[in-house]
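Each remark here refers to the structure printed beneath this line.
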Amino acid sequence: MMRIRTIALSLFCITALNAQNPIIQTSFAADPAPMVYGDKVFIYTSHDEDETVNNFFTMYDWMLFSSEDMVNWTDHGAVASLKDFGWCERTNGAWAPQAIERNGKFYLYVPIHGEGISVLVADSPYGPFHDPLGHRLILDTENVWQDIDPTVFIDDDGQAYLFWGNPNLLYVRLNEDMISYDRSVGKNGIFAVEMTTEAFGSVAGPDGTERCAYTEGPWFYKRNGLYYLIYAASGIPEKIAYSTAPTPDGPWTFRGFVMDRADHLAFTNHGGVIDFKGKSYFIYHTQGLSNEGFKRSTAAEEFSYNEDGTIPMITPTIEGNIKSVKPLNPFKRVEAETIAWSEGVKTAKSGVTGVYVTNIHNGDYIKIKSVDLEKGGKRFLASVSSDTKGGRIEVRLGGVDGKLIATLNVDNTGCKETWKIVSGKMAKAQGINDIYLVFRGGDGELFNFDWWTIEK
Ligand code: FUB
C-alpha cells in the first residue's frame, strides 16, 4: 500500500502544517455528498481504492465522515458496499452517492455503474444500510450506463425529487416512502429535462460546435424559494457551474460557473452545498493527495451567497478557509480517527472497536483543531494496541515541534485486538489549541490507536 504521506510530499509539497484540504487524508474519499442532521454534518462519499485497477474508477463501497465543527472529521469507514445488493453481480462501480433523512430513516441513493440507481435504508445515519427493494430503484430508463450521480431533495410541501444523469438530466418524483416514485407522470415516472444552453450553459464540443455545458454530478436544493442545481460542467476536465429555476420542473436558467480548473483538481469534480450553523459550504473533490484522477479526496470551502442569491466563484484552496464552528471538548472520549489533518496514518474497522487509526510509523501525526483545554488537564489517556514493539505518543501544542505537554509510552499489548489504556502526565496548558499527536518509535508499524481523552 503506497503511503499517502509519501505521495503528498513528493508530488505537491503541500505545506502540511497549514493545509486543511483535502479534509480527509486517511483514504481516497470522492464524490462528497454532505448532509446536515442534528448538530452534525455527515459527508457520504464514494471511495477510490488505493490500488487502481485497469486505469479506471476502482470503487467498491461508500464511506461516511462526520463533524460537529467543520474542521475535525470523524472517519466512520465504509458504511455500505456493492455487497449490500444481493441481486447485483458487479464487483466495481460504487459511484457518487447522496443520503437524506425522512421520518427517522436514512435513505442512501447510489449509482452502481452499469446497473443504474438504487437505494439503501437505515435507522441511523451510520447504518447498517439494507436494500429494501431487491432490485434497482429507477426502472424503465433508456441507457442505464448514464444513470449515475443521484441527488435527492425534499421540498417544503413534502414532495421529494431525485435528479441524476450524465450527459442528460433526468428526475422522478419520489413517493413518501422514498423507495418508489410516481410512475403515473412523465414517461413511466421519469422526466427528462430539456438540455439547452440557456438552461445549462454552453461549451465548444470536440468538433467546435456549441453544446450544453451540463456534464454530470447534479446537486439539487432550494434556498429562499429558488431552486438551485449545481453540477459538473464543460466536459472533461470538469468545472462546476449552476443553474436556477422557479420550480423543480424548471425552467432552468444558467447562472454561471462557481469553480474553475486548478492544478490540484482531478479531471472530474463533484460537489455538494450545505448551510450549517449560519455558514454556507461547498464540498467537492480534488486529486491533491495523489496527483491521480482515480484517487480523489474530499475538500471543502466556506462561501457566502451574494445578496441577490447568486453564488460567487469559489477558489479550490489547499490551505482551506474554514474556521471551527465549535471548540472540541477533550474531556470526553475523542475517537482517534477524528482528524483535522494527518500524515502517514490510515484507518481500519474492527468488530471490537469500530474504526481505529492504524499504519502508524515513526514521525506520523494527527492534528486536531481548536481543542478547548479550558484550565488544563491532569493526564492524557489513549486506548492503544500493538503486536509489534510499540512506541510513544507525544502530545504537542500548535505544531509537530510545538510545546510537548504529555508523552504516552505504548508497549506491545500481546495482539492487535488487545486494547490497553495508557496515559501520561500533562504539563500546564490551557485554552483553545490545535493539538498534534506525534507518533515516535523504531522502524515498521508501531501500534494502533482507538481513542483518547483528557482527565481533569
Ligand atoms: O466517481 C465516479 C464518477 O466520477 C462520478 O459518478 C462522477 O460524478 C465523477 O465524479
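The values are calculated or read from the model by the stated rules, or taken from the named source; none is laboratory data. It should be emphasised that the depicted structure is a prediction, and the values quoted were computed from it without experimental measurement. Reconstructed Cβ throughout: ideal geometry from the backbone, glycine too, with neighbour counts over all protein chains shown. Quick note on the areas: whole protein, heavy atoms, side chains included, nothing else; ligands and nucleic acids left out. Shrake-Rupley method; radii C 1.70, N 1.55, O 1.52, S 1.80 Å.
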Check your understanding: Residues Gly217, Gly250: which one is at pLDDT 95 or above, touching a His at 6+ places or on another chain (Cβ under 6 Å), of a type outside the set (Asp, Glu) and farther than 12 Å from Ile311 by Cβ?
Key -> Gly217
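Each row is one residue, and each column tells you yes or no for (1) out of contact with any Pro (no Cβ under 8 Å at 6 or more places or on another chain); (2) open to solvent by 10 Å² or more (accessible area, probe 1.4 Å); (3) touching a residue at least 24 places away in the same chain (Cβ under 8 Å).
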position	(1), (2), (3)
Ile393	yes, no, yes
Lys403	yes, yes, yes
Asn409	yes, yes, no
Thr413	yes, yes, yes
Lys425	yes, yes, yes
Gly431	yes, yes, yes
Check your understanding: How many residues are open to solvent by less than 10 Å² (accessible area, probe 1.4 Å) and of a type in the set (S, T, N, Q) when one looks only at region 107-131?
Key -> 1
Revision key, fill the gap. Considering region 46-57, residues that are part of a strand (DSSP E or B) and under 16 Å from Lys346 (Cβ atoms), and then whichever is nearest to the chain's Cα centre (by Cα), we arrive at His47
Check your understanding: Is one or more of the residues making up region 90-106 in contact with a His (Cβ under 9 Å, 6 or more places away or on another chain), of a type in the set (Lys, Arg) and either open to solvent by 30 Å² or more (accessible area, probe 1.4 Å) or within 16 Å of the ligand (Cβ to nearest atom) (or both)?
Key -> yes
Review point. Since Tyr281 meets every condition but one in (1) under 22 Å from Glu68 (Cβ atoms); (2) not in a strand (DSSP E or B), which condition does it not meet?
Key: (2)
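Being of a type in the set (Gly, Ala, Ser), touching a Ser or Thr at 6+ places or on another chain (Cβ under 7 Å) and open to solvent by 20 Å² or more (accessible area, probe 1.4 Å) is the filter here, so list the residues in region 315-354 that pass it. Full working, then the answer.
If we filter region 315-354 for residues that are of a type in the set (Gly, Ala, Ser), which is where we start, we get 320, 324, 336, 340, 342, 344, 348, 350-351, 354.
From the residues that got through so far, the ones that are touching a Ser or Thr at 6+ places or on another chain (Cβ under 7 Å) too are 324, 342, 348.
If the condition is that a residue be of a type in the set (Gly, Ala, Ser), touching a Ser or Thr at 6+ places or on another chain (Cβ under 7 Å) and open to solvent by 20 Å² or more (accessible area, probe 1.4 Å), then Ser324, Ala348 are the ones that fit.
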Point to revise | Single residue of region 60-77 satisfying the filter (open to solvent by 30 Å² or more (accessible area, probe 1.4 Å) and more than 15 Å from the ligand (Cβ to nearest atom)) that is nearest to Asp39 (Cα to Cα) | key: Glu68
Point to revise | Filter result for Gly134 (away from the ligand (no atom under 15 Å from the Cβ), open to solvent by 30 Å² or more (accessible area, probe 1.4 Å) and without any contact (Cβ under 8 Å) to a residue 40 or more places away in the chain) | key: no
Check your understanding: For region 40-57, which residues satisfy the criterion of being within 13 Å of the ligand (Cβ to nearest atom) and surrounded by fewer than 20 Cβ atoms within 10 Å (Cβ to Cβ)?
Key -> Glu49, Thr52, Phe56
Practice item. Determine which single condition Thr298 fails, assuming it passes every other condition in (1) among the polar types (S, T, N, Q); (2) away from the ligand (no atom under 14 Å from the Cβ); (3) not in a loop (DSSP other than H, G, I, E, B). Key: (2)
Point to revise | Of residues in region 159-187 being within 16 Å of the ligand (Cβ to nearest atom) and free of Cβ contacts under 8 Å to residues at least 40 places away in the same chain, the one most open to solvent (accessible area, probe 1.4 Å) | key: Asn168
Review point. Does Asn103 count as of a type outside the set (Gly, Ala, Ser) and in contact with a Ser or Thr (Cβ under 7 Å, 6 or more places away or on another chain)?
Key: no
Practice item. Collect the residues in region 227-272 that are crowded, with 21+ Cβ neighbours inside 10 Å, hydrophobic (A, V, I, L, M, F, W, C) and within 16 Å of the ligand (Cβ to nearest atom), keeping them in residue-number order. Key: Leu229, Ile230, Ala232, Ala233, Ile240, Ala241, Val258, Met259, Leu265, Ala266
Exercise for review: Scan region 107-123 for residues that are away from the ligand (no atom under 16 Å from the Cβ) and either within 17 Å of Gly217 (Cβ to Cβ) or in contact with an Asp or Glu (Cβ under 7 Å, 6 or more places away or on another chain) (or both) and report the count.
Suggested key: 1
